[in-house]
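Below is one structure, written out as structure tokens; the observations come after it.
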Amino acid sequence: MYDSLRLFYANGGGNCYIISVGPYPSNISSLNSSALESVLKDLALEDEPTIILAPDAVSTSGGPYGFQQKALGQCQNLMDRITLCDLVHDTMISKPGCMTFATILASTTSNMERAYGPWIRTNLPRTLFSENVSKLEDHLGNPISLKTLTTDGEIIKIIDDLGITETSIGNASSAESGITGSATISFESQLKALLSQFDASTDTNAESKLNTITDFVIRIVLAVRDIDTALPSSRKPSSN
């Protein structure tokens with residue numbers, strides 16, 4: 001449903017009403033069509049909706065057909081809305097999915113429905129911010145793991161990578177305070193201080209001051225190397 005809503009609004013969509021049928025199951029394929037069908041009676045009481053659809057219905061254990069039949073029945077009774085029927089993923093003209101859809105809905109087809117297929121690939125980006133992962137809560141204020149809300153492997157990988165990156169950022173802060181000796185002293189300010197000491201040095205202690213600067217820079221380089229090694233390889237900036 002998430003990507004369906006994004007495409008709806010990306011293409012000029014207006015008002016949209018969402019009726020919850022409860023939390024997502026741990027496995028979306030275990031979703032039962034009857035849960036979706038149960039809210040149609042509530043929808044029938046509303047005059048404003050003009051298109052009925054349930055994108056997640058294609059993932060139900062028995063397919064989307066039970067919900068679509070009930071939705072079409074409502075359209076025929078009220079005559080003020082249509083049903084947009086999503087087809088199963090493999091549906092193409094002459095493919096089994098299309099034939100199944102046509103066969104099951106043959107008794108309820110009318111001018112009150114539109115079928116959508118085949119599925120299309122899009123290039124809509126997915127953006128995650130730190131607060132989306134670490135500060136997500138339900139309506140009771142209980143923490144929620146974002147990974148439990150999706151089965152999309154790509155999104156789960158991004159969430160994992162973000163966690164690793166946040167840890168690396170924390171390690172960078174710890175490394176800075178460990179090298180400078182204080183959480184309030186940055187690499188930049190420490191280096192400026194060391195350079196000032198070198199500029200003010202005499203012939204007798206110039207080599208010592210330069211060695212101090214060299215050691216300081218080497219410690220920074222080694223810390224950055226360790227942090228870079230821990231970063232997810234797919235999220236590292238290009239070296240080109």
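The residue pairs whose first member lies in segment 1-12 and is in a helix (DSSP H, G or I), whose second member is surrounded by 13 or more Cβ atoms within 10 Å (Cβ to Cβ), and whose beta carbons are closer than 6 Å, counting only pairs six or more residues apart or on different chains, are SER4/PRO55. The set of residues from segment 175-198 being farther than 12 Å from LEU210 by Cα and aromatic (Phe, Trp, Tyr) comprises just one member, PHE187.
Only a single criterion out of (1) at pLDDT 70 or above; (2) touching an Asp or Glu at 6+ places or on another chain (Cβ under 8 Å) is not satisfied by GLY97, namely (1).
Answer with yes or no whether CYS85 is at pLDDT below 75, surrounded by 16 or more Cβ atoms within 10 Å (Cβ to Cβ), outside any loop (DSSP other than H, G, I, E, B) and in contact with a strand residue (DSSP E or B) (Cβ under 9 Å, 6 or more places away or on another chain).
So CYS85 fails the test.
The values are calculated or read from the model by the stated rules, or taken from the named source; none is laboratory data. Only a predicted model underlies this, so the values are computations on that prediction, with no experimental measurement involved. Using ideal geometry, Cβ is built from the backbone for each residue, glycine included, and neighbour counts are taken over all protein chains shown.
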